[in-house]
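Just below is one structure, and these are the notes that go with it.
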Amino acid sequence: MIKLILIFCGLSLIFSGCVKNKDENTSDNKTAGTNYDAVDRRVDSLMRLMTLEDKIGQLVLFTSNWDVTGPVMNANNLADIRTGMIGNVFNAHTVTYNRELQRIAVEESPRKIPLLFGYDVIHGHKTIFPLSLGEAASWDLEAIEKSARISAIEAAAAGINWTFAPMCDVSVEPRWGRISEGAGEDPYLGSLIAKARVKGFQGDKNDLSDPFTILACVKHFAAYGAPYAGRDYNMVDMSPHMFADFYLPPYKAALEQGAMSVMASFNDFDFVPATASKYLQTEVLRNQLGFEGFVVTDYTGIPELVFHGVAENDSVAGIEAINAGIDMDMEGAVFYKYLKGQVKSGAVKESQVDEACKRILRVKFLLGLFDDPYRYLNEENEKNLIYHKDHLQAAYDVAVRSMVLLKNANEILPLKKGEKLAVIGELANSKRDLLGSWKAAGDWDQMTTVLDEMKAYNGEENIIYAEGVKSVGDDRSQFDAAMKAAAKADKIVYVLGENWEWTGEAASRTDLSIPGVQSELLEKLATLKKPIVLVLMNGRPLTLVRESELASSLLEVWYPGTMGGKAVSDVLFGLYNPSGKLPMTFPRTLGQVPIFYWEKSTGRPIDPAQPDLKYKSRYIDSPNEPLYTFGFGLSYTTFTYSDMKVSDQTLTDAKPVKLSVMVTNSGKYDGEEVVELYYHDVVASVTRPMRLLCGFQKIMLKAGESKTVEFDITPEMFAFHNREMQYGTEPGDFNLFVGGNLNESLVTRITYKK
Ligand code: NOJ
């Protein structure tokens with residue numbers, strides 16, 4: 001028994017130490033220049049007038065429905081807005097509709113408290129940008145911020161004041177469909193992207209009361225990106241070190257940028273569902289990270305505690321959630337049904353309801369809703385800003401930047417104007433698929449397809465289209481038509497991949513190959529011995545070994561959004577030279593999964609001089625290496641790296657080291673290059689990755705041009721949690737690697753001295 005207690009105490013010490021050094025990890029995430037005391041005084045004086053029912057209403061969030069004729073709220077919910085029992089609505093948009101709901105809340109409800117309007121504005125509202133994972137492949141933080149900025153402007157113009165984004169879940173799980181909504185496998189890149197997205201949504205001044213900014217929601221807290229077996233909503237189990245150093249950083253970065261709402265994740269964490277985890281929602285989030293906004297559950301997260309088997313009924317689940325630090329119940333109807341009775345019976349303290357209500361009202365005040373509840377409800381803005389031409393241009397700019405060239409043998413790309421091209425594949429002529437999952441309110445009727453744009457640029461007479469194959473199913477009846485079309489062309493452009501419904505939420509897969517019989521058609525086309533360009537439309541890493549053998553060129557375009565048709569065509573014809581780099585590793589085989597670049601050496605690494613030696617950490621039937629590693633991506637031009645220098649071999653706290661490297665565009669096209677900087681901590685108190693990204697710069701070089709790229713190397717770049725869970729940098733040697741990708745880099749070594 002004593003032993004058990006000791007083990008338990010030890011464990012809770014480790015977990016409570018997850019982000020132990022409070023000073024280093026506490027972020028001042030207050031909106032710049034905001035006087036919370038003044039806001040809180042207004043909140044307090046309002047709350048003095050509120051009954052228990054009024055307060056509970058603020059903790060309730062229900063969805064609006066969307067019918068073919070437009071938005072509809074069910075009659076009971078409308079009545080509840082009127083009585084103040086529903087204080088927040090999601091999935092409601094368009095000014096006319098939201099204005100009426102807001103009018104009911106502020107004119108007819110007892111306390112006249114305005115509603116929050118939430119919506120999943122993930123990669124665009126009407127103008128849709130590339131899928132989030134695709135945006136991450138641009139490694140272009142300005143472009144990503146701009147995408148979120150425009151999404152916020154359009155959403156705000158449509159009556160929305162709160163988005164359920166950004167998703168900050170690091171993931172090394174390509175089976176998990178939701179990796180499409182994140183920034184990939186790297187904590188550093190993920191953190192910078194999380195910041196860029198919050199900045200875009202909430203504005204660079206973090207002024208939520210600006211009618212063109214919307215409240216961001218950091219999700220899914222926490223570790224939702226690590227489901228066992230890659231199955232959505234599945235259990236998660238991870239060590240405190242893994243969480244603190246690899247999974248927590250992007251959430252933390254988003255909070256540091258000032259995000260004022262957080263969504264609890266569906267999964268369990270250290271054997272407690274996140275919705276019931278006081279450790280996550282109070283200890284880490286509030287006590288360690290200093291978060292002062294509110295926490296909402298994910299959809300029906302509270303009643304799901306019953307299915308997790310930690311609560312015997314919904315009522316108990318509600319008590320667990322509020323005790324954990326949950327402020328708002330999304331769609332669960334548990335706070336709505338039970339909270340009042342629980343306060344009356346003493347099962348929940350009224351002060352807990354007060355605290356949650358206060359956090360929510362604080363954000364409503366910050367949004368300026370009490371000064372003008374119709375701030376986000378302006379018909380003129382809705383008419384003028386949605387699908388604004390600048391927004392479409394920005395969506396195009398991000399789309400071309402997100403594409404990753406994986407192979408280009410014999411410079412088959414760029415295509416030349418006037419070449420006879422066979423264009424094959426259902427996805428070449430699809431509008432809906434270009435938008436991918438979570439397309440918010442994006443419409444596709446007016447969009448153009450890849451095929452339309454290729455015809456427009458290359459002349460209809462030079463494009464021979466045959467659908468050939470669907471992206472799902474096993475219909476081979478059109479194979480012959482595709483072969484006939486291909487036989488007449490100089491080159492074959494085959495657009496293939498995953499139907500949009502195969503990625504996103506609840507779209508986990510056990511097989512990462514290209515679905516259906518699409519690859520079978522490729523085998524046939526290859527018998528024609530003509531150059532084949534594969535255009536890959538998908539939302540996760542796929543296994544492409546055979547495809548990369550059969551095709552001359554591979555271009556990963558993800559789901560490129562509203563302007564995707566033109567963006568794909570322009571990149572194929574060289575109007576934009578691809579510059580994207582993979583934000584996730586592409587495995588050779590499913591059996592390698594999870595595979596990610598920041599793995600550690602193990603005690604039995606492969607000896608490069610004797611790679612076949614047994615009893616090493618390796619497979620007997622596959623190389624350890626992936627097909628395409630994180631950070632990989634080609635260009636129509638080539639870049640060479642030389643003259644790597646450090647200003648000093650010794651790094652100290654007082655003196656950062658300057659690392660410089662010369663990058664030359666040694667090919668014949670102008671182009672952008674992502675210069676990547678990785679490090680390895682040679683000896684540390686805990687095992688550390690063989691490579692970890694710690695810097696990058698995206699630069700433009702004209703053909704023949706050279707530039708010196710500089711990085712400031714500081715000790716903080718190498719910080720991690722040591723054996724005692726203390727955060728800091730340990731003295732010793734660090735190898736630094738600079739290059740266009742992990743496998744081809746220049747190396748140098750510096751020593752950090754305290
Ligand atoms: C469930 C998803 O997990 C979450 O990300 C989303 O924001 C909510 N549904 C609301 O749509």
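The values are calculated or read from the model by the stated rules, or taken from the named source; none is laboratory data. Bear in mind that the values here come from a model prediction, so they are computed numbers and not experimental data. All Cβ positions, even for glycine, are placed from backbone atoms using ideal geometry, and neighbour counts span all protein chains on display. The protein model used for the area step is the full one, side chains on, heavy atoms only, and it has no ligands, DNA or RNA in it. Shrake-Rupley method; radii C 1.70, N 1.55, O 1.52, S 1.80 Å.
Within region 226-234, is there a residue that is in a loop (DSSP other than H, G, I, E, B), of a type in the set (A, V, I, L, M, F, W, C), open to solvent by 10 Å² or more (accessible area, probe 1.4 Å) and within 16 Å of the ligand (Cβ to nearest atom)? Yes - at least one qualifying residue is present in region 226-234.
Taking the listed residues GLU181, GLU185, the one that is open to solvent by less than 10 Å² (accessible area, probe 1.4 Å), within 16 Å of the ligand (Cβ to nearest atom) and acidic (Asp, Glu) is GLU181, with no other qualifying.
Please work out which residue is farthest from ASP169 (Cα to Cα), limiting yourself to region 115-141 and to residues that are outside any loop (DSSP other than H, G, I, E, B) and more than 16 Å from the ligand (Cβ to nearest atom). Residue satisfying both the conditions and the ranking: ILE128. The strands (runs of 3 or more DSSP E) located wholly in region 643-741 that include 1 or more residues which are closer than 22 Å to LYS581 by Cβ and within 28 Å of the chain's Cα centre (by Cα) occupy 671-681, 692-701, 706-713, 732-741. For ILE360, are the conditions met, namely being in contact with a Phe, Trp or Tyr (Cβ under 8 Å, 6 or more places away or on another chain) and farther than 24 Å from ILE699 by Cα? Spelling it out, ILE360 is indeed in contact with a Phe, Trp or Tyr (Cβ under 8 Å, 6 or more places away or on another chain) and farther than 24 Å from ILE699 by Cα. Of the residues making up region 297-318, those that are out of contact with any Leu (no Cβ under 9 Å at 6 or more places or on another chain), under 17 Å from LEU339 (Cβ atoms) and open to solvent by 10 Å² or more (accessible area, probe 1.4 Å) number 5. Inspect region 163-171 for any residue being away from the ligand (no atom under 16 Å from the Cβ), open to solvent by less than 10 Å² (accessible area, probe 1.4 Å) and not in a loop (DSSP other than H, G, I, E, B) and give the result as yes or no. No, region 163-171 has no match at all.
Residue count for region 718-735 under the criterion of being out of contact with any Asp or Glu (no Cβ under 8 Å at 6 or more places or on another chain) and hydroxyl-bearing (Ser, Thr, Tyr): the result is 0. Checking each residue in region 238-267 for being within 15 Å of the ligand (Cβ to nearest atom) and open to solvent by 10 Å² or more (accessible area, probe 1.4 Å) picks out only PHE266. Just to be sure before I move on: is SER191 more than 15 Å from the ligand (Cβ to nearest atom), of a type in the set (Ser, Thr, Tyr) and open to solvent by 10 Å² or more (accessible area, probe 1.4 Å) in the structure I sent? The answer is yes for SER191. Counting the residues of region 102-114 that are at positive phi and either within 16 Å of the ligand (Cβ to nearest atom) or among the hydrophobic types (A, V, I, L, M, F, W, C) (or both) gives 0.
Among the residues of region 303-325, is any outside any helix (DSSP H, G or I), out of contact with any Pro (no Cβ under 8 Å at 6 or more places or on another chain) and among the β-branched types (Val, Ile, Thr)? The answer is no, given that none of the residues of region 303-325 is outside any helix (DSSP H, G or I), out of contact with any Pro (no Cβ under 8 Å at 6 or more places or on another chain) and among the β-branched types (Val, Ile, Thr).
Yes or no, residue by residue, for (1) out of contact with any helix residue (DSSP H, G or I) (no Cβ under 9 Å at 6 or more places or on another chain); (2) surrounded by fewer than 20 Cβ atoms within 10 Å (Cβ to Cβ):
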position	(1), (2)
ILE713	yes, no
GLU724	yes, yes
THR729	no, no
GLY740	yes, no
LEU746	yes, yes
ARG749	yes, yes
LYS754	no, yes
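Annotation: of all residues in region 268-284 being more than 16 Å from the ligand (Cβ to nearest atom) and more than 8 Å from ALA324 (Cβ to Cβ), the one that is surrounded by the most Cβ atoms within 10 Å (Cβ to Cβ) is VAL284. Looking across region 438-466, the residues that are under 19 Å from TYR387 (Cα atoms) and open to solvent by less than 30 Å² (accessible area, probe 1.4 Å) come down to ALA440, ALA441, GLY442, MET447, THR449. Scanning region 447-493 for residues that are touching a residue at least 12 places away in the same chain (Cβ under 8 Å) and among the hydroxyl-bearing types (Ser, Thr, Tyr), we see that the one that is nearest to LYS529 (Cα to Cα) is TYR465.
Select from region 509-530 the residues that are polar (S, T, N, Q) and open to solvent by 50 Å² or more (accessible area, probe 1.4 Å) and write down the one among them that is nearest to the ligand (Cβ to nearest atom). Per the stated criteria, the residue is THR510.
I'm checking my understanding of the structure. Among residues of region 302-324 that are within 25 Å of VAL43 (Cβ to Cβ) and without any contact (Cβ under 8 Å) to a residue 40 or more places away in the chain, which one is farthest from the chain's Cα centre (by Cα)? Out of the qualifying residues, it is ILE319.
Inspect region 210-221 for any residue being more than 13 Å from the ligand (Cβ to nearest atom), modelled with pLDDT of 95 or more, surrounded by fewer than 24 Cβ atoms within 10 Å (Cβ to Cβ) and in a helix (DSSP H, G or I) and give the result as yes or no. No, because not a single residue in region 210-221 is more than 13 Å from the ligand (Cβ to nearest atom), modelled with pLDDT of 95 or more, surrounded by fewer than 24 Cβ atoms within 10 Å (Cβ to Cβ) and in a helix (DSSP H, G or I).
Quick check, is LEU427 hydrophobic (A, V, I, L, M, F, W, C) and either without any contact (Cβ under 8 Å) to a residue 24 or more places away in the chain or open to solvent by 10 Å² or more (accessible area, probe 1.4 Å) (or both)? So LEU427 fails the test.
When region 339-356 is filtered for residues that are open to solvent by 50 Å² or more (accessible area, probe 1.4 Å) and outside any loop (DSSP other than H, G, I, E, B), the ones remaining, listed by number, are LYS340, LYS344, SER345, GLU350, SER351, GLU355.
Of all residues assigned to region 494-508, none qualifies as being free of Cβ contacts under 8 Å to residues at least 40 places away in the same chain and either buried (at least 16 other Cβ atoms within 10 Å of the Cβ) or hydroxyl-bearing (Ser, Thr, Tyr) (or both).
Screening region 467-493 for residues that are touching a strand residue (DSSP E or B) at 6+ places or on another chain (Cβ under 6 Å) and buried (at least 19 other Cβ atoms within 10 Å of the Cβ) and picking the one that is nearest to VAL517 (Cα to Cα) gives GLY468.
Does PHE639 satisfy the criteria of being surrounded by 15 or more Cβ atoms within 10 Å (Cβ to Cβ) and closer than 18 Å to PHE737 by Cα? For PHE639, the condition - surrounded by 15 or more Cβ atoms within 10 Å (Cβ to Cβ) and closer than 18 Å to PHE737 by Cα - is met. Of the residues making up region 153-162, those that are open to solvent by less than 10 Å² (accessible area, probe 1.4 Å), away from the ligand (no atom under 16 Å from the Cβ) and part of a helix (DSSP H, G or I) are GLU154, ALA156, ALA157.
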